[in-house]
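J.: Structure provided below as structure tokens; questions to follow.
No value in this document is a laboratory result; all are computed from the given coordinates. Keep in mind the model is a prediction, meaning the values are calculated, not measured. Backbone-built Cβ (ideal geometry, glycine too); neighbour counts: all protein chains shown.
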Amino acid sequence: MTSPVSIDIQDNIAVITMDKPPVNGLGQALRSGLQEAYQQANNNDAVNAIVIASAGKLFCGGADITEFGSKAAGAEPSLPNLLNTLEESPKPIVAAINGMALGGGFELALACDFRIALPSAKVGLPEVHLGILPGAGGTQRLPRFAGVKFALEMITSGKPAAAKKALQAGAIDRLHEDDSNFLDAAIQYAKELVENNTAPRSCAAMDVDTSDVDAEYFETFRKSIARRNRGLIAAEHCIQAVEAACELPLHEGMKKERELFTVLVNSPQSRAQRHLFFAERAATKIPGVDPKTPLRTINKVAIIGSGTMGGGIAMNFLNAGIETIILDLNAEALERGVGVIRKNYDISAKKGRMSEADVEARMGLLNQTTQYDDIADVDLVIEAVFENMDIKKAVFKTLDEVCKPGAILASNTSTLDVDEIAAATKRPEDVIGLHFFSPANVMRLLEIVRGAKTADDVLMTTLKTAQKIAKVPVVVGVCFGFVGNRMLEPYGREASRLLLEGATPAQIDRVLTTFGMAMGFCSMIDLAGVDVGYLTRQGNLDNISHDPSYGALGDKLYELERFGQKTGRGHYIYEGRDQKEDPEIVELTQQIATDLGIERREISDQEILERTIYSMINEGAQILDEGIASRSSDCDLVYTNGYGFPIGRGGPMQFADETGLDHILERLKYYQENLGQHGQFWFKPAPLLEKLVAEKQKFSQYVPQQH
């Protein structure tokens, strides 16, 4: 097998080159190759200095993710030991950073004595997104080179920094503008160091400069990022590691870093975050579909509808540099919608998130029309009109007549039958569902709804397009609500029923936000619109009409025109941004409960959590059993990216695996037996859940049958 590392001696400079596509992942083979090449260079008296470079377009992407959880991940040379060896080199080492240097890749560069980079390069330590911290010296070396503030922000945010910013901080020593002779420049830099008798730099001999931070800095920083972390523990451990760098010698700081790393890597939160990392990569692999399927070309996109959703969808494509045309038959609504897009971009420019030139470039890609004939040449059209089957079918009938052969026809439906929509055309193979989440220009999730006749190339093209517009795509099957809204239904059903049984909106929301949900159910409905929930229920009456308590409070709020935040009244009272409890809600729930013969009682926090979250999990099991989702981790991606489920719990199915499916099943059966007729009907355990418990398996081990 060809070694992933080569060594070449040029004018007494040893050039060690990493060549392990696609990202120079620091697996055991690459680590061993680096150590052997270093020893060869160090033992060669003709070598005066060493350059570590990359044969690819990036320097090093960090750990080899294929080794996560295996013995190879910790096999010698371990990354910390390898980097300590480089740190102690008697010959100066230059890292030639020609592209991304992330995670262990940046730690590798920091273990070198000097760093030269292209201006286009970026460096970063994103481990916090996996629920861990840099465990090979990153929290100890970076503060010594770049100071506390730069290091703390990079490590706790996980965001990469441009080479110029890293140069200003001291994390990089030199920039070289010309990428055509970058390696030559790195070699020349090493020669200069030798000629100037520049000694190797040892972090062990360096202290962290704390002159620009006061005694309260770390506590102030903790408070400043508390909201961003939402209960995640990794950032706090990162802070403790950087504090250790300020207080301890390098070798003691490294020991503290390793202790903190070990705590994190063995925590449920890190398991959850690593689960989501792999889930995002698995979601693009569709069972039964060749990943090399030729794609259709998407150069021009049309959006039907200029409302909030249509405008938000359009912004995704404009941001990606794709020509977009918005069609709305109402000229006034169209002008208003385009104006909102312009306003959104102007606000971003005022906040410094983009330049005025960027705003004009995006708006220059946007066209508008009131005529269907003007979208005849688009490659992809996304319908974003009112959630009504008859209206959508009429739109698709027109699109079928107008759009060119091979154009992809997509519906931004949140619940409706994509197959029925496709049947309104003569080309159902070109039809697919693209369920964007509001606000569409912000939310990362995109449910891609695969119809019975959707062509493979349509499916794969929309997957790739979703990634191009920075979405997390999850392919789902056709059923009412798909994955996200279908799993939301029992969650909301139980929250609403608990209000009738004696809980208050504030109690329910407190329990759910304490668990980690971004919003409580009642607050979420008030934000989305009580009227939206009512209209959704009207489309699902066949499944709920037997239960008069189902959505009874929501129906009453709709009748009273208490639509939520937009009317100042919903489950709460709203005065500007202030949310207040409303005594009238208690009176309403008492009256409805009396009318329906529902006994009111004191509800425990545990019951609220179990009935809402466990019902959601049970529905997820049924979705898997029906093949609506390709894997349980797809359900987790939907919920963490679209519904505010806590990342630190990894999604509902990962949470169930972590909690124990036997416990979930036992509690569902408890409520089935103790909630009367409601429990008997709604808490029947999914057959798959019972099967997995009997076989002592987890959701993550189950491979659904595709129907």
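J.: Within 10 Å of each candidate Cβ there may be at most 14 other Cβ atoms; applying that plus a DSSP loop requirement, which trypsin sites (Lys or Arg not before Pro) in segment 236-306 survive? Before the final figure, lay out the partial values.
T.: Numbers: sites: K255, K256, R258, R271, R274, R281, K285, K292, R296, K300; in loops: K285, K292, R296.
Passing both the DSSP loop test and the Cβ count: K285, K292.
J.: Does segment 482-573 come out rounded, prolate or oblate, given a ≥ b ≥ c as the square roots of the eigenvalues of its C-alpha gyration tensor, rounded meaning a/c under 1.5 and, failing that, prolate meaning a/b above b/c?
T.: The shape class here is rounded.
J.: Another question, then. Return the label of the correct value of Rg and Dmax of the Cα atoms in Å, as calculated from the structure shown, out of (1) 28.4, 93; (2) 31.5, 113; (3) 27.9, 84.
T.: Matching the structure shown: (1).
J.: Based on Cα positions only, what radius of gyration and what Dmax would you give for segment 274-340, in angstroms?
T.: In order Rg, Dmax, the Cα atoms of segment 274-340 give 16.8, 48 Å.
J.: For segment 365-397 and segment 411-477, what is the separation of their Cα centres, given in Å?
T.: One Cα centre to the other: 15 Å.
J.: I would also like to ask the following. Counting helices only, and only those DSSP H runs with n ≥ 4, report the 222 nm mean residue ellipticity of the chain as the sum of -39,500 (n - 2.57) divided by its residues, in deg cm²/dmol to the nearest 500.
T.: Working: 31 runs with 340 residues, N = 707.
My calculation for the chain gives -14500 deg cm²/dmol from helical runs alone.
J.: Which residue, chosen from A186, I544, G312, occupies the Cα position most advanced towards the positive end of the dipole of the chain, where the dipole is computed from +1 (Lys, Arg) and -1 (Asp, Glu) charges on Cβ about the Cα centre?
T.: Highest projection toward the positive end goes to A186.
J.: Right, next: Taking θ = phi - 60°, what integer Hz values does the Karplus form 6.51 cos²θ - 1.76 cosθ + 1.60 yield along segment 80-85, in sequence order, with x for Gly and Pro?
T.: x, 5, 4, 5, 5, 4
J.: Moving on to the next point. Between Q371 and T210, what length in nm is gained on full extension when 0.36 nm per residue of separation is reduced by their alpha carbon distance? Present the calculation step by step, with values, prior to reporting the outcome.
T.: Numbers: separation 161, 0.36 × 161 = 57.96 nm, distance 6.38 nm.
Length difference between fully extended and current span is 51.6 nm.
J.: I need the P(r) histogram for segment 61-180: all alpha carbon pairs, bin width 10 Å from 0 out to the longest distance, whole percents.
T.: All Cα pairs, binned at 10 Å, distribute as 14, 47, 32, 7, 0 percent.
J.: Using 0.36 nm times the number of residues separating K453 and S6, minus their current alpha carbon distance, what extension gain do you get? Each step should come with its number before you reach the end.
T.: Working: separation 447, 0.36 × 447 = 160.92 nm, distance 5.05 nm.
Using 0.36 nm per residue and subtracting the Cα-Cα distance, I get 155.9 nm.
J.: Determine, for L318, L83, the number of other Cβ atoms within 10 Å of each Cβ, and report the residues in order from fewest to most.
T.: Working: L318 21, L83 26.
Ascending number of Cβ neighbours within 10 Å: L318, L83.
J.: How far is it, in nm, from the label point at E177 to the one at I225 when both lie 7 Å from their Cα along the line to the Cβ?
T.: About 3.5 nm, to one decimal.
J.: To the nearest 10 degrees, how steeply does helix 308-319 sit against the main Cα axis of the chain, on a 0 to 90 scale?
T.: Taking the Cα atoms of the chain, the angle to 308-319 is about 20 degrees.
J.: Give, rounded to the nearest 20 debye, the magnitude of the charge dipole that the chain has about its Cα centre when Lys and Arg contribute +1 at Cβ and Asp and Glu contribute -1 at Cβ. Walk me through the numbers before you get to the answer.
T.: On the way: 72 positive and 95 negative charges, 93 e Å.
Charge dipole of the chain: 440 debye, to the nearest 20.
J.: Amide H to amide H, which residues 5 or more places from A49 or on other chains are under 5 Å from it, using H placed in the peptide plane?
T.: Residues meeting the amide H criterion: A14.
J.: Looking at L142, A169, L110, which one has the Cα that reaches farthest to the positive end of the dipole of the chain (charges on Cβ: Lys, Arg +1; Asp, Glu -1)?
T.: Of the candidates, L110 comes out farthest on the positive side.
J.: Then there's this: Percent antiparallel among DSSP beta bridges with both residues in segment 5-265, to the nearest 5?
T.: Values: 8 of 26 bridges.
Taking every DSSP beta bridge with both residues in segment 5-265, the antiparallel ones total about 30 percent.
J.: Among A466, V449, S355, whose Cα lies farthest out toward the positive end of the dipole of segment 300-476, if unit charges sit on the beta carbon of Lys, Arg (+1) and Asp, Glu (-1)?
T.: Result: S355, furthest along the dipole toward the positive end.
J.: As I understand it, the value is the acute angle between the Cα axis of helix 182-195 and the longest principal axis of the Cα atoms of the chain; what does it come to in degrees, rounded to 10?
T.: Taking the Cα atoms of the chain, the angle to 182-195 is about 40 degrees.
J.: For segment 486-531, what does the equivalent ellipsoid look like in terms of its semi-axes, each the square root of 5 times an eigenvalue of the Cα gyration tensor, given largest first in whole Å? Could you put the intermediate results ahead of the total?
T.: Details: eigenvalues 39, 37, 25 Å².
One finds semi-axes of 14, 14, 11 Å for segment 486-531.
J.: Could you work out how far helix 484-501 tilts from the main Cα principal axis of the chain, as a 0 to 90 degree angle to the nearest 10?
T.: 60 degrees
J.: Hand me the trypsin sites (Lys or Arg not before Pro) from segment 327-394 located in a DSSP loop with no more than 12 other Cβ atoms within 10 Å, in residue order please.
T.: Details: sites: R336, R342, K343, K350, K351, R353, R362, K392, K393; in loops: K351, R353.
Filter output for segment 327-394: K351, R353.
J.: Quick one: work out the % antiparallel among DSSP beta bridges in the chain, nearest 5. Mind dumping the intermediate values first?
T.: Numbers: 18 of 61 bridges.
In the chain, DSSP labels about 30 percent of beta bridges as antiparallel.
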